[in-house]
Ligand SMILES: Nc1ncnc2c1ncn2[C@@H]1O[C@H](COP(=O)(O)OP(=O)(O)OP(=O)(O)O)[C@@H](O)[C@H]1O
Ligand SMILES: [Mg+2]
């Protein structure tokens, strides 16, 4: 589904401002996100993309303005609370626990325990079995789920982070530069995963510097320039030249 004026936004950012010292990282930003759409966030280095998504995910609090999820404000929630609402964020550094296996990584922060001789211990078997199911659901095959994730490739790590979002039934998936550190086949895999999530009705915010990727997977693009909104377009109504002009501040809509 693409965005329609009649549909209710799943997520709304309303007039958000954020300053770090002398840097105005977000200047009166507003955007809506609809179920089943992929929204690309574009902009030069330092334009304010990560700041914006960190305000949505609860890492930063906006100085003013608010963020609504299903019509209710979530501006003052912690990252954990935001995640529990169904807004899952995959940061560039991925936030996987390198020394732990795939199963535990799917459950990170929400580990399943069992009791042995009255003492709580991690239920690794349960988590591994669930992880196999979650990976299979996305068409991902890993030979050995018991190895620490640090031995996995960047694409496989991305896949695990995405599986985690699927397993916990994320309604909104935010990805900060998901393909930047990946080889070409792995980039392909992550883009396919994004499309599969979208088909399941998940709304996705996708940050990228790669305009090819943006034009390939997104329905809409929102361009930031030094903290401002430079413009917002349906992907079929724009082209790379226009996006670059917006990124450079040569086109400003409002
Ligand atoms: N925690 C922070 N403390 C101080 N300044 C910050 C902080 N986070 C971001 N900034 C500043 O805010 C501005 C926007 O940064 P942000 O990380 O949002 O940019 P970005 O669009 O994600 O850039 P990139 O493409 O390089 O990741 C930058 O000038 C940056 O230096
Ligand atoms: Mg960033």
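Given 0.36 nm per residue, what is the gain on full extension from residue 129 to residue 108 after removing their alpha carbon distance, in nm?
Values: separation 21, 0.36 × 21 = 7.56 nm, distance 1.50 nm.
The residue 129-residue 108 span can extend by a further 6.1 nm.
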Report summary line: Stretched fully, the stretch from residue 85 through residue 215 gains (0.36 nm per residue minus C-alpha distance, one decimal, in nm) 43.9 nm
**Report entry** P(r) of region 14-68 over all Cα-Cα pairs, binned every 5 Å from zero, in whole percent
**Finding:** 5, 18, 30, 27, 14, 4, 1, 0
Report task. Compute the Rg/Rh shape ratio of the chain: radius of gyration over Kirkwood radius, all on alpha-carbon atoms. Result -> 0.99
Requested in this report: Find the centroid of the Cα atoms in region 127-174 and in region 5-77, then give the distance between the two in whole Å.
Outcome: 27
Query - Computed over the chain: relative contact order in percent, which uses C-alpha pairs under 8 Å that are six or more apart - result: 25
Requested in this report: Calculate for the chain the 222 nm mean residue ellipticity that helices alone would give, adding -39,500 (n - 2.57) per DSSP H run of length 4 or more and normalising by residue count, nearest 500 deg cm²/dmol.
Outcome: -9000 deg cm²/dmol
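Using every Cα-Cα pair within region 32-176, state what percent have a distance larger than 21 Å. Don't skip to the answer; put the middle values down first.
Working: 5164 of 10440 pairs.
More than 21 Å apart: 49 percent of the Cα pairs in region 32-176.
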Query raised in the report: What percentage of all Cα-Cα pairs in region 99-169 are separated by more than 20 Å?
Result: 25
Query - Nitroxide proxy distance, nm - points 7 Å out along Cα→Cβ at residue 184 and residue 226 - result: 3.8
Query raised in the report: Label-point separation (nm) for residue 239 and residue 199, each offset 7 Å from Cα along Cα-to-Cβ?
Result: 3.1
Report task. Figure the gain on full extension for residue 70 and residue 141 (residue separation times 0.36 nm, minus the Cα-Cα span) and round it to one decimal in nm. Result -> 22.1 nm
Query raised in the report: Say each of residue 24 and residue 44 gets a label point 7 Å from the Cα, pointing the same way as Cα to Cβ; how far apart are those two points in nm?
Result: 1.7
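Could you calculate the FRET efficiency of residue 116 with residue 150 from 1/(1 + (r/R0)^6), where r is the beta carbon distance between them and R0 is 45 Å, rounded to 0.05?
Details: r = 27 Å, r/R0 = 0.61.
Once rounded, the FRET efficiency stands at 0.95.
Coordinate-derived values only; no laboratory data. Keep in mind the model is a prediction, meaning the values are calculated, not measured. With ideal geometry, Cβ positions are generated from the backbone for all residues, glycine too; neighbour counts draw on all protein chains shown.
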